[in-house]
Amino acid sequence: MHPAYNRISSSGHNSPSPPQSPLRGSPRLRHTRSSNNKGSGKFLPPPKTFAQRIAWILLSVLLRRQGVFLFAPLIYISGMLLYMGTVSLDVVVPDINSRPPPGSVYRSPQLYNKLRPEMDADNFSSDALATVWRHPYKGGEWRPCINKSEEGLPESNGYIYVEANGGLNQQRTSIGNAVAVAGYLNATLVIPNFHYHSIWRDPSKFSDIYDEEYFIQTLKGDVRVVNKLPGYIMERFDHNMSNVYNFKVKAWSSIKYYRESVLPRLLEEQFIRISPFANRLSFDAPPAVQRLRCLANYESLRFANPIATLAESLVERMKERSAHNNGKYIAVHLRFEEDMVAFSCCIFDGGEQEKSDMNAARERGWRGKFTKPGRVIRPGSIRINGKCPLTPLEVGLMLRGMGFDNSTSIFLASGKIYNAEKTMAPLLEMFPLLQTKDMLASAEELSPFKNFSSRMAAIDYTVCLHSEVFVTTQGGNFPHFLMGHRRYLFGGHSKTIRPDKRKLALLFDNPNIGWKTFKRQMLNMRSHSDSKGIELKRPNDSIYTFPCPDCMCRVNKTEEVKPQSPP
């Protein structure tokens, strides 16, 4: 018997011999060599010319030393470079100017010049103001239904004092939220104090802007409101409000936080101060809290008599100037003031002068904010994303495309327009009946309000509120509050045009677009605003913009929403 065969030695010291290395060189040469040794092969014909012999030698070396192939790319590149060195490269290459991404450059003036002949030829009275809202109540009309409490209030748990910050409408948010918190905690609300804002620069107090007595009387069945703290409480703090502990509340705090954290301190101290107090209450609140917000914003807050009187006069003057349209006019909130243009970081057509003006404005208003190391500003991307404020020219083009002809009356709500002499000229060419509060009112009528930005904004607010069409061009608190207030007054429909600014950026930068195509796009945009006019509040939306269904009830429907009862 043969012993068992092991591939690995049991001693572990010996290893099997490695296999023989294969013959190096080409298999063809090995075959030739072995055939010659056996005498059975045939020799390749020997090279005859000198060139053939050189080629044969090189081929033999390459075949015998296959690693040389690693240098083949280098040999190829070297040969190409030697070849190209003998060829003239003086070839004319056409310059290719790559166009910036569509919508990234302000080219609206060029588009205006192109479309103006067709636009003027198409100017006919189409009664656009009468047909702009084709389906305002397709989901059913709404009506205000905020019930006021007629019962007496229990003994107060203490006083709440808030300091509202921001401009006119941010302060309005603070007032509504303060009423809601005070009512929910059964506290007495002290008339809110307004912070002096570095941008608005308006020292106005509550009674300078709103009818204070009316505010207190309207809320008396739901929330106690006083215009000052009792003397015995102020004595505890040496009549100095800065000695009072300031309760810091996080933004968008829930009403549960006020019940669990603020109420115990209120019961203990009998006086709570909260500053700042703007967006310090979540929009997702229970019905009892929402009802108080609705009551404060839509029923209790009305402008002080001097503001209301002048504003109502301007509304009547606008209706008189719009008699050919049955008293209907358009209100446009135009945000093209110097600070807005500077903050947007967009580039328009003002060249070096504009650049210098904007740099100076940014440094004045936001010292160092826009020049921080590493901050990159891309104006083209800002425009593409619809973040640039619309210019007066762009607003005019948009409205003419939407079917409003040059006989349409427009009220322009705005601060001081940047470079107004140049930028306003195209809009006035398209809408010669345009008016502002400075054009409607005399200098004597405006003088009591001239140096108070919040009071001037309140006048604009009222004239815009009663227009047939409101056009918002940049967003912010002013248009959001107006949309909600208009829904409250006009059966749930905001009657507001909210343009798609991303789409507008592309259209204004399209050199090939014609008037008919542009007009079709604008009419579609107008129709979209109509269909979105009635929107219901979602959980995290504001009742100040979406009063349905928290502040309003549906009518002409079998499933009518019941009005909210007081808690």
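The values are calculated or read from the model by the stated rules, or taken from the named source; none is laboratory data. The structure displayed is predicted, hence computed values, not measured ones. All Cβ positions, glycine included, derive from the backbone under ideal geometry; neighbour counts span all protein chains shown. In case anyone asks, the SASA skips ligands and DNA or RNA and just uses the protein heavy atoms, side chains included. Shrake-Rupley method; radii C 1.70, N 1.55, O 1.52, S 1.80 Å.
Here are the numbers for the structure shown:
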read-out: Tally, over the range 254-292, of residues that are in a helix (DSSP H, G or I) and either more than 34 Å from the chain's Cα centre (by Cα) or within 20 Å of TYR159 (Cβ to Cβ) (or both); value: 16
read-out: Residue that is out of contact with any Pro (no Cβ under 6 Å at 6 or more places or on another chain), part of a loop (DSSP other than H, G, I, E, B) and either within 17 Å of LEU129 (Cβ to Cβ) or at pLDDT 95 or above (or both), where the choices are PRO479, PRO499, PRO426; value: PRO499
read-out: ASN177 vs. criteria farther than 20 Å from ASN305 by Cβ, outside any helix (DSSP H, G or I) and open to solvent by less than 80 Å² (accessible area, probe 1.4 Å); value: no
read-out: Flag if TYR112 is in contact (Cβ under 8 Å) with a residue 40 or more places away in the chain, open to solvent by 30 Å² or more (accessible area, probe 1.4 Å) and more than 30 Å from LEU267 (Cα to Cα); value: no
read-out: Failed item in (1) open to solvent by 80 Å² or more (accessible area, probe 1.4 Å); (2) modelled with pLDDT of 95 or more, with ARG201 passing the rest; value: (2)
read-out: The one condition in (1) farther than 23 Å from LEU504 by Cα; (2) modelled with pLDDT of 95 or more that ASN113 fails to fulfil; value: (1)
read-out: Residue selected from the range 128-174 under the condition over 26 Å from ALA187 (Cα atoms) and in a strand (DSSP E or B), by the criterion most open to solvent (accessible area, probe 1.4 Å); value: ARG143
read-out: In the range 142-166, residue nearest to the chain's Cα centre (by Cα) [restricted to those that are of a type in the set (Asp, Glu) and modelled with pLDDT under 90]; value: GLU150
read-out: Filtered residues of the range 373-418 (kept if open to solvent by 30 Å² or more (accessible area, probe 1.4 Å) and part of a helix (DSSP H, G or I)); value: PRO379, SER381, ILE382, ILE384
read-out: Count - residues of the range 502-541 that are crowded, with 20+ Cβ neighbours inside 10 Å and hydroxyl-bearing (Ser, Thr, Tyr); value: 1
read-out: Restricting the range 510-557 to residues that are among the acidic types (Asp, Glu) and assigned to a loop (DSSP other than H, G, I, E, B), the residue that is farthest from the chain's Cα centre (by Cα); value: ASP550
read-out: Selection status of PHE336, open to solvent by 10 Å² or more (accessible area, probe 1.4 Å) and within 20 Å of the chain's Cα centre (by Cα); value: no
read-out: Count of residues meeting criterion [in contact with a strand residue (DSSP E or B) (Cβ under 6 Å, 6 or more places away or on another chain) and either assigned to a helix (DSSP H, G or I) or of a type in the set (Lys, Arg) (or both)] in the range 429-461; value: 2
read-out: Residue match in the range 478-494 (condition: among the charged types (D, E, K, R) and open to solvent by 30 Å² or more (accessible area, probe 1.4 Å)); value: no
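Rundown of residues vs (1) of a type in the set (Gly, Ala, Ser); (2) modelled with pLDDT of 95 or more; (3) out of contact with any Ser or Thr (no Cβ under 6 Å at 6 or more places or on another chain), yes/no style:
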residue: ARG367; (1), (2), (3): no, no, yes
residue: ILE384; (1), (2), (3): no, yes, no
residue: CYS388; (1), (2), (3): no, yes, no
residue: GLY396; (1), (2), (3): yes, yes, yes
